[in-house]
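Peer 1: First the structure, then my questions, so here it is.
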Amino acid sequence: MNGSETKKKGIGALDVLILILLAVVIGSVGLRYVRSRGSGASETAVTDQYVVSFQVKNIRNTSKERYMNKGDLFYLDENNQFFGTFRDVVSSVDAQKYYEMPDGSIASVASRFSGEQYRVDVEASVTASGIMSPDGCFLLNGSRYIVLNDELKIHSKYVAFTVVITEIAKAQ
């Protein structure tokens with residue numbers, strides 16, 4: 001014990017910090033790899049053509065006549081992703097105005113004004129590309145889930161609408 005003593009070092013705080021950082025880096029690289037494999041599967045999945053029906057409430061009748069034409073391309077507002085190619089207007093009914101009566105009841109009146117004031121509720125459809133999951137969710141273009149009663153903001157080159165999804169069916 002005379003000068004040839006060796007001190008044993010323990011693991012220091014800096015060593016522990018380096019080991020933790022190394023584990024975090026390895027874990028994040030592994031997570032990124034797993035996620036990239038999962039997204040690659042949806043990109044290579046075969047999409048089919050579907051008819052996505054929707055409802056647009058309280059729009060000008062002139063908007064329906066001018067801006068809802070067969071072949072128009074519609075996109076989602078949230079990320080400018082392609083939504084679908086316009087097929088046709090299925091139905092158009094007078095929009096309803098609701099008024100509260102003095103007794104507390106609600107009365108509805110059809111909005112039958114002339115010209116630009118004439119408002120309608122429209123049911124229409126687009127042809128969209130996607131994948132239908134077994135649980136009834138539709139994966140639009142393989143990347144965005146859409147289900148019945150979803151409220152989406154869509155736009156074409158000339159007009160923007162808020163729509164409610166009413167039906168998704170395989171195109172024939």
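The values are calculated or read from the model by the stated rules, or taken from the named source; none is laboratory data. As the structure is a prediction and not an experimental result, all values here were calculated from the model. Virtual Cβ from ideal backbone geometry, glycine too; neighbours counted across all protein chains shown.
Peer 1: Residues that are at pLDDT below 90 and more than 28 Å from the chain's Cα centre (by Cα): list the strands (runs of 3 or more DSSP E) wholly contained in segment 83-172 that include at least 2 such residues.
Peer 2: Numbers: elements: 96-100, 106-110, 119-132, 138-140, 144-146, 151-155, 160-170.
Result: 96-100, 106-110.
Peer 1: Further question on the same structure: Name, by its number, the condition in (1) farther than 30 Å from residue 51 by Cβ; (2) in contact (Cβ under 8 Å) with a residue 60 or more places away in the chain that does not hold for residue 105.
Peer 2: Single failed check for residue 105: (2).
Peer 1: For a quick check of your reading of the model, give me the residue pairs whose first member lies in segment 132-145 and is free of Cβ contacts under 8 Å to residues at least 24 places away in the same chain, whose second is surrounded by 11 or more Cβ atoms within 10 Å (Cβ to Cβ) and in a loop (DSSP other than H, G, I, E, B), with beta-carbon atoms closer than 8 Å and at least 6 apart or on different chains.
Peer 2: Listed pairs, sorted by first residue: 136/147; 136/148; 137/147; 145/137.
Peer 1: Is it the case that some residue within segment 67-80 is more than 21 Å from the chain's Cα centre (by Cα), surrounded by 11 or more Cβ atoms within 10 Å (Cβ to Cβ) and assigned by TED's automatic domain parsing to the domain that holds residue 161?
Peer 2: Looking through segment 67-80, at least one residue is more than 21 Å from the chain's Cα centre (by Cα), surrounded by 11 or more Cβ atoms within 10 Å (Cβ to Cβ) and assigned by TED's automatic domain parsing to the domain that holds residue 161.
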